[in-house]
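Undergrad: Below is a structure I'd like to ask you about.
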Amino acid sequence: MKSFDLPLNNQETGAHDGSDAWLRIANVSKAFGASHVLSDVSLQVRKGEFLCLLGPSGCGKTTLLRILAGLEQQDAGTIAMAGRRIEALPPARRDYGIVFQSYALFPNMTVADNVAYALRSPREERMRRVGELLDLVGLTGKEGRYPAQLSGGQQQRVALARALATSPGLLLLDEPLSALDAKVREHLRQELRSLQRTLGITTIMVTHDQDEALAMADTIAVMANGRIEQIGTPEQIYRTPATRFVADFIGRANWLPVQVYGNGVAILGDLSFDVQLPAGRATTAFCRPESVCVEKNWRSGENMTLAVVERVDFHGGVRRGVLSLCVNRAIRVFADASPNEAGYDSLVVGKRVPISFPAHQMCFFLDAAA
Ligand SMILES: Nc1ncnc2c1ncn2[C@@H]1O[C@H](COP(=O)(O)OP(=O)(O)OP(=O)(O)O)[C@@H](O)[C@H]1O
């Protein structure tokens with residue numbers, strides 16, 4: 001059983017030990033006037049990795065990306081790429097391509113000229129490379145168009161082709177999909193990810209969209225208030241959040257009050273769980289709605305308790321029930337069931353149903369000391 005205390009520091013939250021790091025960001029801090037936007041941020045990225053910086057608005061993710069790009073100067077800290085220190089280099093000497101949320105294309109230039117902008121080779125070679133890049137992003141034949149003659153999604157593909165033109169070592173993406181409508185965004189998500197895999201280009205993408213990060217990233221660094229709260233795979237971030245902030249920010253969560261006793265047992269209603277937490281401190285159990293199983297039949301000894309269905313919301317793929325425990329009606333639990341699960345039909349308002357809590361899918365957090 002996992003148990004976590006207060007937020008872990010940057011070093012402890014690393015998803016890998018950094019021995020194979022290709023990009024190393026160490027102890028980067030930045031303030032704008034009296035406002036500390038980044039505090040001692042450390043992060044390592046492997047070659048070919050797709051890392052998402054995920055966090056709420058204002059947490060400092062764009063500032064970190066801009067520092068990597070040399071568009072903003074850090075107050076402290078170092079950045080090394082492929083063993084070379086780059087934190088003092090001007091942008092042009094850092095070997096990256098960047099795509100912004102606003103497509104940032106030159107409106108008076110054709111697609112071909114936009115893509116070729118950073119290329120310094122002879123014209124024939126440039127045009128060959130432009131053709132190759134437009135092929136890569138699925139825009140063959142659009143060379144002569146102007147940005148205004150393209151859809152948002154197409155403009156962002158041009159921006160991507162332009163960022164990749166010089167075959168940079170690092171691709172930086174600042175919310176590249178957020179200006180697009182939902183359908184195009186989802187489609188481009190997959191295209192971008194598969195292109196990144198094909199090219200094997202190390203990529204850092206800023207997003208505040210958790211679904212995007214979960215769907216695209218190899219590794220997610222969750223940020224809050226200028227610090228990294230947790231670094232891990234999407235599964236780790238979702239299933240075993242290291243801090244309350246991460247648990248709350250990503251997905252839907254049940255937060256349930258528990259009592260911990262001296263023998264390392266946490267009591268939730270009439271259920272008990274083994275935990276490694278101090279007795280007597282207020283503690284909260286966390287689990288996802290889909291981790292709570294609505295059962296058809298009662299089975300003893302399996303973390304099962306009786307609950308009353310208070311409300312049912314339809315969420316397309318699942319029914320989400322709001323249930324209160326019979327032993328303590330004040331404890332309310334969200335439970336999701338899909339149509340092929342036994343409990344789906346039991347989610348009917350007013351019904352008493354057995355629900356179970358798989359112990360391995362629960363985390364326990366100490367409440368902040370009063
Ligand atoms: N040039 C600047 N001068 C002053 N304050 C700034 C500057 N750039 C950013 N900030 C402030 O720093 C904080 C972090 O901004 P940043 O853009 O890095 O956040 P973010 O996590 O990317 O948010 P968003 O998703 O809204 O872009 C914000 O409070 C912002 O107002």
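The values are calculated or read from the model by the stated rules, or taken from the named source; none is laboratory data. Everything quoted here is computed from the prediction, not taken from an experiment. Heads up, the Cβs are rebuilt from the backbone with ideal geometry, glycines too, and the neighbour counts pull from every protein chain shown.
Undergrad: Go through the residues of the range 216-236 one by one and say whether even a single one is more than 25 Å from Ala26 (Cα to Cα) and buried (at least 17 other Cβ atoms within 10 Å of the Cβ).
TA: No, the conditions are met nowhere in the range 216-236.
Undergrad: Something else about it: Answer with yes or no whether Glu49 is touching a strand residue (DSSP E or B) at 6+ places or on another chain (Cβ under 8 Å), of a type in the set (D, E, K, R) and surrounded by fewer than 19 Cβ atoms within 10 Å (Cβ to Cβ).
TA: Numbers: touching a strand residue (DSSP E or B) at 6+ places or on another chain (Cβ under 8 Å): yes; of a type in the set (D, E, K, R): yes; surrounded by fewer than 19 Cβ atoms within 10 Å (Cβ to Cβ): no.
No, not satisfied.
Undergrad: I'd like the full set of residues that are within 12 Å of the ligand (Cβ to nearest atom), over 19 Å from Leu160 (Cα atoms) and of a type in the set (Val, Ile, Thr), limited to the range 176-227.
TA: Correct list: Val222 only.
Undergrad: Can you name the residue in the range 145-184 that is within 19 Å of Glu125 (Cβ to Cβ) and in a loop (DSSP other than H, G, I, E, B) and is also nearest to the chain's Cα centre (by Cα) among such residues?
TA: Only one residue fits best here, namely Pro168.
Undergrad: Related question: For Leu199, only one of the following conditions fails: (1) touching a Pro at 6+ places or on another chain (Cβ under 6 Å); (2) under 20 Å from Leu23 (Cα atoms). What is its number?
TA: Looking at each condition in turn, Leu199 falls short on (1).
Undergrad: If you scan the range 60-95, which residues turn out to be part of a loop (DSSP other than H, G, I, E, B) and either within 15 Å of Met205 (Cα to Cα) or within 12 Å of the ligand (Cβ to nearest atom) (or both)? Break it down stepwise before answering.
TA: Of the range 60-95, the ones part of a loop (DSSP other than H, G, I, E, B) are 60, 70-75, 82-83, 86-90, 94-95.
Those that are part of a loop (DSSP other than H, G, I, E, B) and either within 15 Å of Met205 (Cα to Cα) or within 12 Å of the ligand (Cβ to nearest atom) (or both): Gly60, Leu71, Glu72, Gln73.
Undergrad: Using the structure shown, decide if Arg252 is under 13 Å from Ser356 (Cα atoms) and basic (Lys, Arg).
TA: On the way: under 13 Å from Ser356 (Cα atoms): no; basic (Lys, Arg): yes.
No; evaluated as a whole, the condition is false for this residue.
Undergrad: Of (1) of a type in the set (A, V, I, L, M); (2) more than 28 Å from Gly60 (Cα to Cα); (3) in contact with a strand residue (DSSP E or B) (Cβ under 6 Å, 6 or more places away or on another chain), Leu134 satisfies all except one. Which?
TA: (3) is the only condition that Leu134 fails.
Undergrad: Output the number of the condition that Arg311 fails; it satisfies all remaining conditions of (1) over 32 Å from the mean Cα position of the chain (by Cα); (2) in a strand (DSSP E or B); (3) not small (Gly, Ala, Ser).
TA: (1)
Undergrad: Return a yes/no flag: does the range 289-296 have any residue that is within 16 Å of the ligand (Cβ to nearest atom) and either crowded, with 21+ Cβ neighbours inside 10 Å or in the same structural domain as Cys326 (by the TED database) (or both). Lay out the reasoning, then the answer.
TA: Filtering the range 289-296 for residues within 16 Å of the ligand (Cβ to nearest atom) gives none.
No - not one qualifying residue is present in the range 289-296.
Undergrad: Now for a different question. Spot the failing condition for Ile98; the list is (1) without any contact (Cβ under 8 Å) to a residue 60 or more places away in the chain; (2) part of a strand (DSSP E or B); (3) β-branched (Val, Ile, Thr), and only one is missed.
TA: Exception for Ile98: condition (1).
Undergrad: Would you mention how many residues in the range 282-303 are touching an Asp or Glu at 6+ places or on another chain (Cβ under 7 Å) and closer than 25 Å to Gly262 by Cβ?
TA: 3
Undergrad: Show the residue pairs meeting these rules: Cβ distance below 6 Å; 6+ apart or different chains; first residue within the range 170-182 and among the aliphatic types (A, V, I, L, M); second residue within 13 Å of the ligand (Cβ to nearest atom).
TA: Matching pairs, first to second residue: Leu172/Leu65; Leu172/Ala69; Leu172/Ile204; Leu173/Met205; Ala179/Gln101.
Undergrad: Take the range 221-237 and flag every residue that is among the polar types (S, T, N, Q) and within 12 Å of the chain's Cα centre (by Cα).
TA: Residues of the range 221-237 that are among the polar types (S, T, N, Q), as a first pass: 225, 230, 233, 236.
Of everything in the range 221-237, those that are among the polar types (S, T, N, Q) and within 12 Å of the chain's Cα centre (by Cα) turn out to be Gln230, Thr233, Gln236.
Undergrad: Can you name the condition, by its number, that Ile204 falls short on among (1) within 24 Å of Leu133 (Cβ to Cβ); (2) free of Cβ contacts under 8 Å to residues at least 24 places away in the same chain?
TA: So the condition that Ile204 fails would be (2).
For (1) modelled with pLDDT of 90 or more; (2) surrounded by 14 or more Cβ atoms within 10 Å (Cβ to Cβ); (3) out of contact with any Cys (no Cβ under 6 Å at 6 or more places or on another chain), each residue gets a yes or a no:
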position	(1), (2), (3)
Gln74	yes, yes, yes
Arg94	yes, yes, yes
Val99	yes, yes, yes
Asp113	yes, yes, yes
Arg120	no, no, yes
Leu139	no, yes, yes
Arg162	yes, yes, yes
Pro168	yes, yes, yes
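Undergrad: Going by what's in this entry, would Asp181 be described as closer than 30 Å to Gly131 by Cα, among the acidic types (Asp, Glu) and crowded, with 19+ Cβ neighbours inside 10 Å? Outline the logic, then answer.
TA: On the way: closer than 30 Å to Gly131 by Cα: yes; among the acidic types (Asp, Glu): yes; crowded, with 19+ Cβ neighbours inside 10 Å: no.
Considered against the rule, which asks whether it is closer than 30 Å to Gly131 by Cα, among the acidic types (Asp, Glu) and crowded, with 19+ Cβ neighbours inside 10 Å, Asp181 comes out as no.
Undergrad: Scan the range 15-25 and give yes if some residue there is of a type in the set (A, V, I, L, M), in a strand (DSSP E or B), at pLDDT 95 or above and within 16 Å of the ligand (Cβ to nearest atom), otherwise no.
TA: Taking the range 15-25 and keeping what is of a type in the set (A, V, I, L, M), we get 15, 21, 23, 25.
Next, only the ones that are in a strand (DSSP E or B) stay: 21, 23, 25.
Now narrow it down to the ones that are at pLDDT 95 or above: 23, 25.
Checking the rest, the ones that are also within 16 Å of the ligand (Cβ to nearest atom) come to 25.
Checking the range 15-25: at least one residue is of a type in the set (A, V, I, L, M), in a strand (DSSP E or B), at pLDDT 95 or above and within 16 Å of the ligand (Cβ to nearest atom).
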